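Written below as structure tokens is the structure these notes are about.
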Amino acid sequence: MSVDLLVVGGGPVGLVTALLASRAGLSAEVVEARRPPIDKACGEGLMPAGVARLAALGIDPPGMPIRGIRYQAGEQAAEARFRGGPGRGVRRTVLMAELDRAASEHGVPVRRGTVVGVVAGPSAVTVHLRDGAARTAAYVVGADGLHSTLRRLSGLGSGDPRVRAAGGGRRWGVRQHFAVPPWSELVEVHWARHAEAYVTPVANDLVGVAVLSARRAPFATQLAWFPELRERLVAAEAGRPRGAGPLRQRTLARSRGRVALVGDAAGYVDALTGEGLSVGFAQAAELVDALRRGSLRDYERRWRRVVRRSSLLTGGLLAASRFPPSRRLIVPAAQRLPAVFGALVNTAARG
């Protein structure tokens, strides 16, 4: 047996899973195909719950405070402040550097390799890598993202991700950085006819803009869907755009035998509410606690409990946003019902 827990995927959720396992007295190792610095198209905003979970691990990544959420559609706007302390805007590469440092300090090895095979037995799981090496662990966790290799190899995927699932179609995300001082301590969500743009402050001189849409187009074209936002950014130096998707991913289950899934690999609805990392960290905590107790059998129930509130919120917004008449009512409704909007924002903030 190599280790108690082998984590496939060295992104934020994978590294947090390994760090939590190490803190719980389990030996852990991470396998990651990419070499640092690892970047990804994401909104780069941590909800207050995510900041708190990192702090409990001694991780305090530099960034910008996020004090709430603002919805904007033309001249109409609604905003709600976080009641339990700020979140944080953090560049993905900065967050990864802090997590890699923590893994090194806590003796959690990160091995570079690509998983090509998984053989599960009654008391252990063997993972085969492209370079011919093999690692055996009591449990294996897939934290390898939207298009999880471990999910596919372990038979936990639900088939072709391109198929339009009942209740939602395909959407993609594209993120680009702009060298401009942040103009707000809120995450701004700009609503257009077919897309949303998330503006997150990530440094004193930098904001990230992530556009989510069912329409694939160059980032400049997508930014033109938000005239007020484009006007703010037209003179700013822009970084290279990064894309991800399709965002909706389904799984048959979150575990099978001694293999489990966390984060985006475990199933993903959409990035619309910005809770991805915070929910992934909460899943990791529940998984490690189940392993500490010696069984994965309870993880499915725990996973469903973690994602229930965020799935209802995201699902409701997606359902409303798919139809232009109801989509146009989202921001006015938030403006007219500030207590309800505030409650929804703070439900997301708590993770």
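What the table shows:
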item	result
Candidates VAL340, VAL30, VAL262, ranked by Gaussian network fluctuation over the chain, Cα under 10 Å, top entry	VAL340
More than 24 angstrom apart: percent of Cα pairs within the range 110-223	52
Sum of side-chain charges, LEU150 neighbourhood, beta-carbon under 13 Å (Lys, Arg +1; Asp, Glu -1)	+3
Calculated FRET efficiency for the pair ARG305/ALA120, C-beta based, R₀ 25 Å, to 0.05	0.45
Where only alpha carbons of the range 169-301 are counted, the Rg and the Dmax (Å)	18.1, 56
For ARG171, distant residues with modelled amide H under 5 Å away	LEU247, ARG248
For the chain, calculated [θ]222 nm from helices alone, where every DSSP H run of n ≥ 4 adds -39500 (n - 2.57)	-10000 deg cm²/dmol
Portion, in percent, of the accessible area of the range 31-167 that falls on carbon or sulfur, probe 1.4 Å	50
Expected-Rg normalisation [2.2 N^0.38 Å, Cα atoms] applied to the chain	0.97
Rg over Rh [alpha-carbon atoms, Kirkwood Rh] for the range 168-227	0.98
At least 30 Å along the helix axis (C-alpha) and Kyte average at least -1.0, DSSP helices within the chain	299-321
Listed residues LEU54, LEU146, LEU337, most fluctuating in the chain (Gaussian network, C-alpha, under 10 Å)	LEU337
Average accessible area per residue (Å²) across the chain - probe 1.4 Å, nucleic acids and ligands excluded	44
Phi to ³J(HN,Hα) by Karplus 6.51 cos²θ - 1.76 cosθ + 1.60 over the range 27-40, Hz, x for Gly, Pro	6, 9, 9, 10, 10, 9, 6, 7, 9, x, x, 8, 10, 6
Considering only the chain, percent of DSSP beta bridges that pair antiparallel, nearest 5	70
The range 3-153 - Debye-derived log10 I(q)/I(0), Cα point model, q = 0.09, 0.19 Å⁻¹	-0.35, -1.13
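The values are calculated or read from the model by the stated rules, or taken from the named source; none is laboratory data. The model shown is predicted, which means the values in this text are computed figures rather than measured ones. As a convention, Cβ positions derive from the backbone with ideal geometry for all residues, glycine included, and neighbour counts pool all protein chains shown. The area values use the complete protein model at the heavy-atom level, side chains included, leaving out ligands, DNA and RNA. Shrake-Rupley method; radii C 1.70, N 1.55, O 1.52, S 1.80 Å.
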